[in-house]
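Below is one structure; the comments refer to it alone.
The values are calculated or read from the model by the stated rules, or taken from the named source; none is laboratory data. Quantities reported herein were computed from a predicted structural model and do not represent experimental measurements. Please note: Cβ atoms are built from the backbone with ideal geometry, for glycine as well, and neighbour counts cover all protein chains shown. These accessible areas exclude ligands, DNA and RNA; they are computed on the full protein's heavy atoms, side chains included. Shrake-Rupley method; radii C 1.70, N 1.55, O 1.52, S 1.80 Å.
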Amino acid sequence: MCTGRPGGQAPIGPYEIERRLALGGMAEVFVAQRQGPHGFSKRVALKRILPQFAGDPDFVSMFIDEAKLAARLQHPNVVQVFDFGEHGGELFLAMELVSGTNVNKLVRTSTLKQLPIPLDVALYIVAQTAAALRYAHHLTDDHGEPLGFVHRDVSPANILLTDTGHVKLTDFGIAMVRQRNPRTCPSSVRGKLGYMSPEQVLDQ
């Protein structure tokens, strides 16, 4: 796997890997860069299924669904998707690279330093996140029918805070829409219990 390139990671498709940004239960995210002609360069967050799950049809189907859904989302408070492809039999998703932090880290730092988050800052974060969800909840398909979108993982780690003062919602891997084929049985639960909506807890 090591190639001697920066970061010691082989390229994924046209993307040179700089470093791993995050590791989850299903996928990992890298800081990557795509080079183009005449000095063009674009840094992205590159997501791929963890190698041990790359051959699992259910994980692959969920990843494809995430890419298709994320491609529909065009809103200032939602992390944008730029590219979706396959390399060496593995799928990857190139997304907007957000420079900043997330609400989870903000809360932990606030607690550690015993400095309360100012009320206006907290309200701003909540309002911008709500704007992203309102947009997603009103999405329609190509025929104008509501998609019935539910994010299912609006947790502090998935609410990003940019260096420029913007709020962006990310991680639609377990989001659900009405037209989407179910990947979990009715009795299974997706998302973090402490951040589930009442409707999700009640299976509505």
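Look at the range 38-68 and say how many of its residues are open to solvent by 10 Å² or more (accessible area, probe 1.4 Å) and under 27 Å from ASP163 (Cβ atoms).
7
Each row is one residue, and each column tells you yes or no for (1) under 21 Å from THR129 (Cα atoms); (2) in contact with a Ser or Thr (Cβ under 6 Å, 6 or more places away or on another chain); (3) among the small types (Gly, Ala, Ser).
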residue	(1), (2), (3)
LEU69	yes, no, no
GLN80	yes, no, no
GLY85	no, no, yes
GLU96	yes, no, no
GLY100	yes, yes, yes
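Conditions: (1) of a type in the set (Asp, Glu); (2) modelled with pLDDT of 65 or more; (3) surrounded by fewer than 17 Cβ atoms within 10 Å (Cβ to Cβ). GLU199 meets all but one. Number of the miss?
Result: GLU199 fails condition (2) only.
Can you run down the residue pairs with Cβ atoms below 6 Å, 6 or more apart or on separate chains, where the first is in the range 99-111 and in contact (Cβ under 8 Å) with a residue 60 or more places away in the chain and the partner is open to solvent by 50 Å² or more (accessible area, probe 1.4 Å)?
These pairs meet every condition: SER99/ASP163; GLY100/ASP163.
Quick one: which of LYS47, LYS42 is closer than 23 Å to ASN104 by Cβ and either among the hydrophobic types (A, V, I, L, M, F, W, C) or modelled with pLDDT of 90 or more (or both)?
Values: LYS42 fails: closer than 23 Å to ASN104 by Cβ.
None of the other options fit; the residue is LYS47.
From the list SER110, SER99, SER155, pick out the single residue that is among the small types (Gly, Ala, Ser) and touching a Gly at 6+ places or on another chain (Cβ under 8 Å). Reasoning before the result, please.
On the way: SER110 fails: touching a Gly at 6+ places or on another chain (Cβ under 8 Å); SER99 fails: touching a Gly at 6+ places or on another chain (Cβ under 8 Å).
Being among the small types (Gly, Ala, Ser) and touching a Gly at 6+ places or on another chain (Cβ under 8 Å) holds for just one of SER110, SER99, SER155, which is SER155.
Can you find even one residue in the range 111-132 that is closer than 30 Å to GLN33 by Cβ, of a type in the set (Ser, Thr, Tyr) and in a strand (DSSP E or B)?
No.
State all residues of the range 12-30 that are closer than 20 Å to ASP153 by Cβ and open to solvent by 60 Å² or more (accessible area, probe 1.4 Å); if no residue qualifies, say none.
Filtering the range 12-30 down to residues closer than 20 Å to ASP153 by Cβ leaves 21-29.
Residues satisfying the conditions are LEU21, LEU23, GLY25.
Looking at this structure, is ASP58 assigned to a helix (DSSP H, G or I), under 20 Å from the mean Cα position of the chain (by Cα) and acidic (Asp, Glu)?
Considered against the rule, which asks whether it is assigned to a helix (DSSP H, G or I), under 20 Å from the mean Cα position of the chain (by Cα) and acidic (Asp, Glu), ASP58 comes out as yes.
Of the conditions (1) surrounded by 20 or more Cβ atoms within 10 Å (Cβ to Cβ); (2) over 23 Å from ALA136 (Cα atoms); (3) under 12 Å from the mean Cα position of the chain (by Cα), VAL81 clears all except one; give me its number.
(2)
Taking LEU161 as the residue in question, decide whether it is out of contact with any Phe, Trp or Tyr (no Cβ under 6 Å at 6 or more places or on another chain), of a type in the set (A, V, I, L, M), under 14 Å from ASN77 (Cβ atoms) and at pLDDT 90 or above.
Here the answer is yes, as LEU161 does meet what is asked.
Which one of ALA32, ALA22, ALA45 is touching a strand residue (DSSP E or B) at 6+ places or on another chain (Cβ under 6 Å), hydrophobic (A, V, I, L, M, F, W, C), in a strand (DSSP E or B) and free of Cβ contacts under 8 Å to residues at least 12 places away in the same chain? Show your work before the answer.
Values: ALA32 fails: free of Cβ contacts under 8 Å to residues at least 12 places away in the same chain; ALA45 fails: free of Cβ contacts under 8 Å to residues at least 12 places away in the same chain.
Every option except ALA22 fails the conditions.
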